[in-house]
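K.L.:
Once you've had a glance at the structure underneath, I'll fire off some questions.
Since every read-out is calculated from the coordinates, none of them should be taken as a lab result. This is a predicted model, so every value here is computed, not measured. Neighbour counts are summed over all protein chains in view; Cβ atoms, including those assigned to glycine, are modelled from backbone coordinates with ideal geometry.
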Ligand code: PLP
């Protein structure tokens with residue numbers, strides 16, 4: 001008889017977004033005809049820009065012509081796109097890594113989860129608390145954890161690295177041993193960024209503990225503060241202990257198009273694997289289970305990395321960051337305590353008057369007709385906060401911020 005995976009069975013049911021949707025539905029049933037303004041989602045809303053859209057249209061035309069049609073590409077991705085990415089890292093971040101390090105994928109979320117599969121089940125994961133849920137869930141599904149402990153608000157054998165007001169929402173390396181350390185900067189959900197010194201502490205820890213850092217840089221184009229690293233490889237020595245995962249979703253608007261990358265250098269080492277082995281196994285994994293990213297998306301990605309494309313992407317990022325500024329200024333003026341929103345599309349807001357995340361969610365839904373995301377859904381340390389997202393049309397963001405300000409005054 002077929003049996004389901006014990007590891008998947010251990011996953012707590014996806015609680016956060018279904019519960020947000022359920023509460024909105026219930027509220028709408030009680031308030032027929034009333035609209036809900038949604039500052040709860042991390043989904044892009046603005047159209048793909050002209051140069052990038054044109055490149056994808058051209059590729060579609062090529063696919064519809066027998067003379068220029070192409071089928072499967074390389075599992076690692078189109079060489080031209082990998083070269084452009086390599087050049088992008090060199091030119092914009094001063095990071096020089098060989099072409100072999102770059103693997104194109106269908107997005108950062110799948111890479112963040114799939115990378116687990118090449119490490120031993122006995123590897124101990126460490127995650128920032130709060131964090132993007134896929135790091136924890138893929139650790140559970142990958143068999144790296146024990147059962148969920150509701151009294152602890154987390155899984156046994158995951159090391160939770162608390163990010164709260166006391167450390168500026170940037171966790172310290174843990175006291176205990178961990179093998180796979182997930183880091184995400186600019187951070188979802190808190191919007192915090194890490195200085196080079198903070199990242200260096202993690203690289204030193206990884207060297208000391210023979211650990212591997214999995215660095216999610218999905219929001220790196222949102223960084224504007226001078227001196228903040230955009231890539232973990234800006235830290236010396238990271239190329240032998242860190243994997244980086246990137247995305248075209250939040251700068252080129254590819255949330256629906258789907259395109260990302262992982263960087264797995266040949267210089268990486270593991271406790272039981274000499275230099276080259278992690279890279280070799282990841283390459284083997286991709287060639288076995290992945291047939292390459294869409295060729296249309298890859299043409300768009302190549303255009304996004306051109307001079308014209310970079311200008312367009314940074315313009316799109318500017319749009320969302322202007323929204324974030326409207327949120328940050330508006331909510332601070334209304335007396336709410338906020339962080340993030342400067343190098344990030346997310347503003348992290350402390351719930352007033354001792355409210356829990358869900359209390360404040362319900363309050364804003366009821367009094368401001370606005371949905372936000374309860375911070376507690378991202379981990380225990382997110383309790384007492386909500387995440388407000390800058391993804392939306394400017395006029396809708398302004399309306400929602402005014403409504404929140406009015407409600408909390
Ligand atoms: N990483 C982080 C931190 C995210 O917040 C998101 C999406 O919200 C992703 C990765 C997903 O990226 P992609 O669309 O490339 O799968």
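K.L.:
Under the definition of Cα pairs under 8 Å and six or more residues apart, what whole-number percent is the relative contact order of segment 65-145?
P.N.:
Details: 49 pairs, mean separation 19.2, N = 81.
Across segment 65-145, relative contact order equals 24 percent.
K.L.:
At 7 Å along Cα-to-Cβ for each site, give me the label-to-label distance between residue 83 and residue 67 in nm.
P.N.:
If labels sit at residue 83 and residue 67, their model points lie 2.4 nm apart.
K.L.:
Treating the Cα atoms of segment 15-85 as identical point scatterers in vacuum, please give the log10 of the normalised Debye intensity I(q)/I(0) at q = 0.23 Å⁻¹, two decimals.
P.N.:
Result of the Debye calculation: -1.14.
K.L.:
Another one. Kindly state, to the nearest 0.05, the FRET efficiency for residue 150 paired with residue 117, given R0 = 25 Å and r defined as their beta-carbon distance. Write out the running numbers ahead of the final one.
P.N.:
On the way: r = 28 Å, r/R0 = 1.10.
Taking R0 as 25 Å, the efficiency between residue 150 and residue 117 is 0.35.
K.L.:
Can you grab the distance from the C-alpha centre of segment 155-213 to the C-alpha centre of segment 303-318, Å, no decimals?
P.N.:
Here the answer is 30 Å between Cα centres.
K.L.:
Given the peptides 345-354, 90-99, arrange them by the average over their residues of other C-beta atoms within 10 Å, most packed first. Please report the intermediate quantities before stating the final value.
P.N.:
Details: 345-354: 20.5, 90-99: 13.7.
The peptides rank, most packed first, as 345-354, 90-99.
K.L.:
Would you calculate a helix-derived [θ] at 222 nm for the chain, using -39,500 (n - 2.57) for each DSSP H run of n ≥ 4 and dividing by the full residue count, to the nearest 500?
P.N.:
Numbers: 13 runs with 158 residues, N = 409.
Calculated mean residue ellipticity at 222 nm is -12000 deg cm²/dmol.
K.L.:
Using a 10 Å cut-off around each Cβ, can you sort 399, 57, 250 from fewest to most neighbouring Cβ atoms?
P.N.:
Values: 399 17, 57 13, 250 26.
Neighbour counts put them in this order, fewest first: 57, 399, 250.
K.L.:
Figure the gain on full extension for residue 24 and residue 362 (residue separation times 0.36 nm, minus the Cα-Cα span) and round it to one decimal in nm. Working shown, then result.
P.N.:
Values: separation 338, 0.36 × 338 = 121.68 nm, distance 0.91 nm.
Gain on extension, residue 24 to residue 362, equals 120.8 nm.
K.L.:
Assign one of three labels to segment 145-270, namely rounded, prolate or oblate, based on the Cα gyration tensor with a ≥ b ≥ c the square roots of its eigenvalues; rounded applies when a/c is under 1.5, prolate when it is not and a/b is larger than b/c, and oblate otherwise.
P.N.:
Judged from the Cα gyration tensor, segment 145-270 comes out rounded (a/c under 1.5).
K.L.:
Okay, next question. Quick check on the chain: of the DSSP beta bridges with both residues there, what percent are antiparallel, nearest 5%? All intermediate terms of the calculation are to be shown ahead of the outcome.
P.N.:
Numbers: 21 of 38 bridges.
Of the beta bridges lying entirely in the chain, close to 55 percent run antiparallel.
K.L.:
Ok, one more. Full-extension gain between residue 177 and residue 396, please, as 0.36 nm times their residue separation minus the C-alpha to C-alpha distance.
P.N.:
Values: separation 219, 0.36 × 219 = 78.84 nm, distance 4.58 nm.
My answer for the length gained is 74.3 nm.
K.L.:
If you don't mind, another one. Any idea what log10 I(q)/I(0) is at q = 0.07 Å⁻¹ for the chain, Debye with uniform C-alpha scatterers and no solvent?
P.N.:
Log10 of I(q)/I(0), two decimals: -0.33.
K.L.:
If r is the Cβ-Cβ distance from residue 308 to residue 273 and R0 is 35 Å, what FRET efficiency results, to the nearest 0.05?
P.N.:
On the way: r = 42 Å, r/R0 = 1.19.
For residue 308 and residue 273, the calculated efficiency is 0.25.
K.L.:
Order by neighbour count: 184, 61, fewest other Cβ atoms within 10 Å first, most last.
P.N.:
61, 184
K.L.:
A further question on this structure: What's the ranking of 355-365, 326-336 by average number of surrounding C-beta atoms within 10 Å, highest first? Numbers along the way, then the final one.
P.N.:
Details: 355-365: 19.7, 326-336: 17.8.
In descending order of packing, they fall as 355-365, 326-336.
K.L.:
Using a Förster radius of 22 Å, what is the FRET efficiency between residue 236 and residue 165 based on their Cβ-Cβ separation? Nearest 0.05, please.
P.N.:
Working: r = 30 Å, r/R0 = 1.37.
Plugging the Cβ-Cβ distance into 1/(1 + (r/R0)^6) gives 0.15.
K.L.:
Report P(r) for segment 242-299: all Cα-Cα distances, bin width 5 Å, range 0 to the bin holding the largest distance, values in whole percent.
P.N.:
In order of increasing distance, the bins hold 4, 16, 21, 21, 17, 12, 7, 3 percent.
K.L.:
Moving on to the next point. With an 8 Å cut-off on Cα pairs and a minimum separation of 6 or more residues, tell me the relative contact order of the chain in percent.
P.N.:
Values: 807 pairs, mean separation 91.0, N = 409.
Across the chain, relative contact order equals 22 percent.
K.L.:
Which parts of segment 271-290 would a label at residue 157 reach, counting a residue when its backbone N lies under 18 Å from a point 7 Å out along Cα-to-Cβ?
P.N.:
The answer is 271-272, whose backbone nitrogens lie closer than 18 Å to the label point.
K.L.:
Is the C-alpha gyration tensor of segment 239-344 telling us rounded, prolate or oblate? Criteria: a/c under 1.5 is rounded; beyond that, a/b larger than b/c is prolate, otherwise oblate.
P.N.:
On the way: a/c = 3.07, a/b = 1.67, b/c = 1.84.
Cα axes put segment 239-344 in the oblate bin.
K.L.:
Here's something else I'd like to know. If you count, for each residue, the other Cβ atoms within 10 Å and average over each peptide, how do 188-200, 303-315 line up from highest to lowest?
P.N.:
Values: 188-200: 22.1, 303-315: 17.9.
Sorting 188-200, 303-315 by mean packing, highest first, produces 188-200, 303-315.
K.L.:
Where is the GNM fluctuation largest for the chain (alpha-carbon springs, 10 angstrom cutoff): 229, 130, 47?
P.N.:
47
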